[in-house]
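Below is one structure, written out as structure tokens, with a few remarks after it.
The values are calculated or read from the model by the stated rules, or taken from the named source; none is laboratory data. A quick note: this is a predicted structure, and the numbers were derived from the prediction, not measured. Ideal geometry is used to build each Cβ from the backbone, glycine not excepted, and the neighbour counts take in all protein chains shown.
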Amino acid sequence: MTIQRTLILLKPDAVERQLVGRILSRFEQKGLKIIDLRSLRFTQELARQHYAEHIAKPFYAGLEQYIMSGRVVAAILEGCEAVEVVRRLIGPTNGVEAPPGTIRGDFSLSTQQNLVHASDSPAAAEREINIFFPNFQPEN
């Protein structure tokens, strides 16, 4: 088993619905460690940097508008196989299709307002951590 770091973003709907603590506790209960955390608002530049692979897609304008609509909580999580563990905990993108017991299955009914973003690979996690925590210095 490999110890990994990954990035999660608790999106505006999670913050607005006051689910931040409940969602973060799910990761901690699984055994993942929160090693950095911050609250922020997306700018258009940040949205374009983070969602660069989606800019040309038809849904991008709505995604950008949504992610800029309120505060977001960004966190670096660490643990055994963290990327895959986090993706399994959050469930499929569409909250209607997400099984009970997953974060989206328990708290979301939407594809776009699906509460949380999680890095989809170790390479994406590294890129995204650098975007949201550019001065992050791992402890030994």
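For the range 86-124, give me each residue that is basic (Lys, Arg) and surrounded by fewer than 20 Cβ atoms within 10 Å (Cβ to Cβ).
Of everything in the range 86-124, those that are basic (Lys, Arg) and surrounded by fewer than 20 Cβ atoms within 10 Å (Cβ to Cβ) turn out to be ARG87, ARG88.
Do the conditions hold for GLN29, that is, is it more than 24 Å from GLU126 (Cβ to Cβ) and either aliphatic (A, V, I, L, M) or modelled with pLDDT of 95 or more (or both)?
yes
Count, please, the residues in the range 15-72 that happen to be of a type outside the set (A, V, I, L, M, F, W, C), assigned to a helix (DSSP H, G or I) and touching a Phe, Trp or Tyr at 6+ places or on another chain (Cβ under 6 Å).
1
Collect the residues in the range 109-127 that are modelled with pLDDT under 95 and farther than 17 Å from VAL73 by Cα, keeping them in residue-number order.
Selection gives LEU109, SER110, THR111.
Take the range 60-69 and flag every residue that is surrounded by fewer than 11 Cβ atoms within 10 Å (Cβ to Cβ) and hydrophobic (A, V, I, L, M, F, W, C).
ALA61 - this is the single residue of the range 60-69 that is surrounded by fewer than 11 Cβ atoms within 10 Å (Cβ to Cβ) and hydrophobic (A, V, I, L, M, F, W, C).
For the range 93-103, indicate whether the set of residues that are touching a strand residue (DSSP E or B) at 6+ places or on another chain (Cβ under 9 Å) and touching a residue at least 60 places away in the same chain (Cβ under 8 Å) is non-empty.
yes
Does the range 36-59 hold any residues that are crowded, with 16+ Cβ neighbours inside 10 Å and free of Cβ contacts under 8 Å to residues at least 60 places away in the same chain, and which are they?
Matches in the range 36-59: PHE42, ALA47, TYR51.
Here is a yes/no grid of residues against (1) in contact with a strand residue (DSSP E or B) (Cβ under 9 Å, 6 or more places away or on another chain); (2) among the β-branched types (Val, Ile, Thr):
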position	(1), (2)
LEU10	yes, no
VAL15	yes, yes
GLN18	no, no
GLN29	no, no
THR43	no, yes
PHE59	no, no
TYR66	no, no
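Within the range 129-140, does at least one residue satisfy the condition of being closer than 13 Å to ARG87 by Cα, touching a helix residue (DSSP H, G or I) at 6+ places or on another chain (Cβ under 9 Å) and part of a loop (DSSP other than H, G, I, E, B)?
Checking the range 129-140: not a single residue is closer than 13 Å to ARG87 by Cα, touching a helix residue (DSSP H, G or I) at 6+ places or on another chain (Cβ under 9 Å) and part of a loop (DSSP other than H, G, I, E, B).
Could you grab me the full set of residues in the range 96-121 that are more than 19 Å from TYR51 (Cβ to Cβ) and either in contact with a helix residue (DSSP H, G or I) (Cβ under 7 Å, 6 or more places away or on another chain) or among the aliphatic types (A, V, I, L, M) (or both)?
Selection gives VAL96, ALA98, PRO99, PRO100, THR102, ILE103, LEU109.
Which members of the range 1-11 meet the condition of being surrounded by fewer than 20 Cβ atoms within 10 Å (Cβ to Cβ) and modelled with pLDDT of 95 or more?
ILE3
Give the range 96-128 a look and list any residue that's assigned to a loop (DSSP other than H, G, I, E, B), more than 11 Å from the chain's Cα centre (by Cα) and of a type outside the set (Val, Ile, Thr), or say none.
Selection gives GLU97, ALA98, PRO99, GLY101, SER108, LEU109, SER110, GLN112, GLN113, SER121.
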